[in-house]
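Trainee: There's a structure below that I have some questions on.
Where a number appears in this text, it was derived from the coordinates with a stated rule and is not lab data. For clarity, every value in this text was computed on a predicted model and none was experimentally measured. Because the Cβ atoms are built from the backbone with ideal geometry, glycine has one as well, and the counts that use them run over all protein chains shown.
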C-alpha cells in the first residue's frame, strides 16, 4: 500500500510539474470549444467572414480548441451584441467571442435598444470594411446609366433595422439626393435582402464587400437585374473622402464623385456631414471581435495573439480573398480608442441629424 501511494503521489507531482510548464493560455483552451457569436444570420457578410476564421483559428490558439459558429440575428445586429454584453446564453468565461457587424449609428444616437456600450467590451481586434450601393435597373423611371438614379421617383430601401448603419447611410444618401423613398426593413441577412431585390420587393440597398462580391455581382449585377451605383467613402488623413482603390480602379465612384457627376456640385450640408462621420466610423470598425468585459485576461491575450497570427497567415488571406474577394484588414485593439473618442465627443448637431434620421 505504501508503495502504491508513493507512485500515485509521484504521478500527481509529475502532472503538476507538467501543467506548470505549459503556458496558461494552453491550459485555458485545451479540450475546450470556442464559440464565435455572429450578430447576423447565416449567409450574411459577417457570417461568411467568420467561417473563414473558424477554419484557421484552431491552428493558432494554444490548446487547439474546437471552434463553432452561433448565429444570433435580430434588431439590426443589436440582439447578438446584447446577448454577449449581458451574458445571455453565454458566460464571461472566454469561450464565447463576438464577431460582430458594428453599427456606428446605434452608438452615435445612443439607441436605447442597445443595452451595452461598444467601448465597454474587451476588444480582441477590429476590421475595416467598405460598402457599395446598388439599385434595380427598372427603378422608375428606369436606369439607362447609373446617374439616372438621381431621377428616381420612388425608392424601396432594403434594410436591417432603422438604427443600423446600413439603413442610416442608405436613407441619408437618398435624402441628400432629394429622392423619395420608403424603408423596407427587418431583413436578417444580406441574402434575404438580395432575394427581395430579385423579386422586386426592394429596389435600392447596399452591402459590404463580401456579400457584394459573392452575391450581388453574380446574382444581380452580372444578369442585368441591377447596377452598382457608388461606394461609400471613408475619411482620409487629409480630411477628404477616401475610396477603396480596387473599387475605384474598377470604375465604381465614391458617393461624393457620383453626386458631383449627377448634380455638378459637391454634396454639402448637415445630413452629408452626419453620413460621412457615421460611415467613416462604421467603415473603420465594420467588424468587432470582442469578449464580455469580465472575460479572463489570459483569454483576451491569447485571442489577440491568435488573430494577429491568423491575419499574417498567407493561406488564410488567400482563402479570405477567395471567399470575399478582399483581404482581411485587421485593426489591433490598441488602435481602436480614437474611434470610441469620436463616438463620445460627436458634435450635438450631427447627433441630432442622426437621431432624426432613425426616428429616435
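Trainee: I'd like the distance separating the alpha-carbon centroids of the range 70-146 and the range 183-235, in whole Å.
Mentor: Each part's Cα centre sits 17 Å from the other's.
Trainee: I'd like the antiparallel share, as a percent to the nearest 5, of DSSP beta bridges with both residues in the range 70-223.
Mentor: On the way: 5 of 10 bridges.
In the range 70-223, approximately 50 percent of DSSP beta bridges are antiparallel ones.
Trainee: Would you calculate the volume per residue, in Å³, of the smallest convex hull containing every Cα atom of the chain?
Mentor: Output value, Cα hull per residue: 144 Å³.
Trainee: Based on other C-beta atoms within 10 Å, arrange 292, 166 from fewest to most.
Mentor: By the 10 Å Cβ count, ascending: 292, 166.
Trainee: Expressed as an acute angle from 0 to 90° and rounded to the nearest 10, what is the orientation of the C-alpha long axis of helix 270-284 relative to the principal long axis of the chain?
Mentor: 30
Trainee: Rounded to the nearest 500, what is the 222 nm mean residue ellipticity of the chain from helices alone, with -39500 (n - 2.57) per DSSP H run of 4+ residues and division by all residues?
Mentor: -12500 deg cm²/dmol
Trainee: Given a Förster distance of 45 angstrom, what is the FRET efficiency for residue 33 paired with residue 237, based on the Cβ-Cβ distance and rounded to 0.05?
Mentor: Efficiency at R0 = 45 Å is approximately 0.60.
Trainee: Moving on to the next point. In whole Å, what are the Cα extents of the range 177-261 along the three principal axes, biggest one first?
Mentor: Here the spans come out as 41, 28, 24 Å, largest first.
Trainee: Still on this structure: Just the Cα atoms of the range 131-281, one point each, no solvent: what log10 I(q)/I(0) does Debye give at q = 0.18, 0.20 Å⁻¹?
Mentor: At q = 0.18, 0.20 Å⁻¹ the computed log10 ratios are -1.08, -1.38.
Trainee: Test of understanding: in a Gaussian network model of the chain with alpha carbons linked when under 10 Å, which of 304, 128, 342 would top the mean-square fluctuation ranking?
Mentor: Highest fluctuation among the options: 342.
Trainee: Now for a separate question. Based only on other Cβ atoms within 10 Å, what is the fewest-to-most ordering of 216, 323?
Mentor: 323, 216
Trainee: Kindly express, to the nearest 10 degrees and within the range 0 to 90, the angle between helix 45-60's C-alpha long axis and the longest C-alpha principal axis of the chain.
Mentor: Computed tilt is about 20 degrees.
Trainee: Taking the simple approach of a point 7 Å from Cα along Cα-to-Cβ for both residue 321 and residue 201, what is their distance in nm?
Mentor: Here the modelled spin labels are 3.7 nm apart.
Trainee: Fewest Cβ neighbours within 10 Å first, please rank 33, 302, 248 accordingly.
Mentor: Details: 33 11, 302 24, 248 15.
Starting with the residue having the fewest Cβ neighbours, the order is 33, 248, 302.
Trainee: Need one number: % antiparallel among DSSP beta bridges in the chain, to the nearest 5.
Mentor: Within the chain, antiparallel bridges account for around 60 percent of the total.
Trainee: Continuing with this model, one more query. Report relative contact order for the range 131-281 in percent, whole number only (criteria: Cα-Cα under 8 Å, sequence separation at least 6).
Mentor: 28
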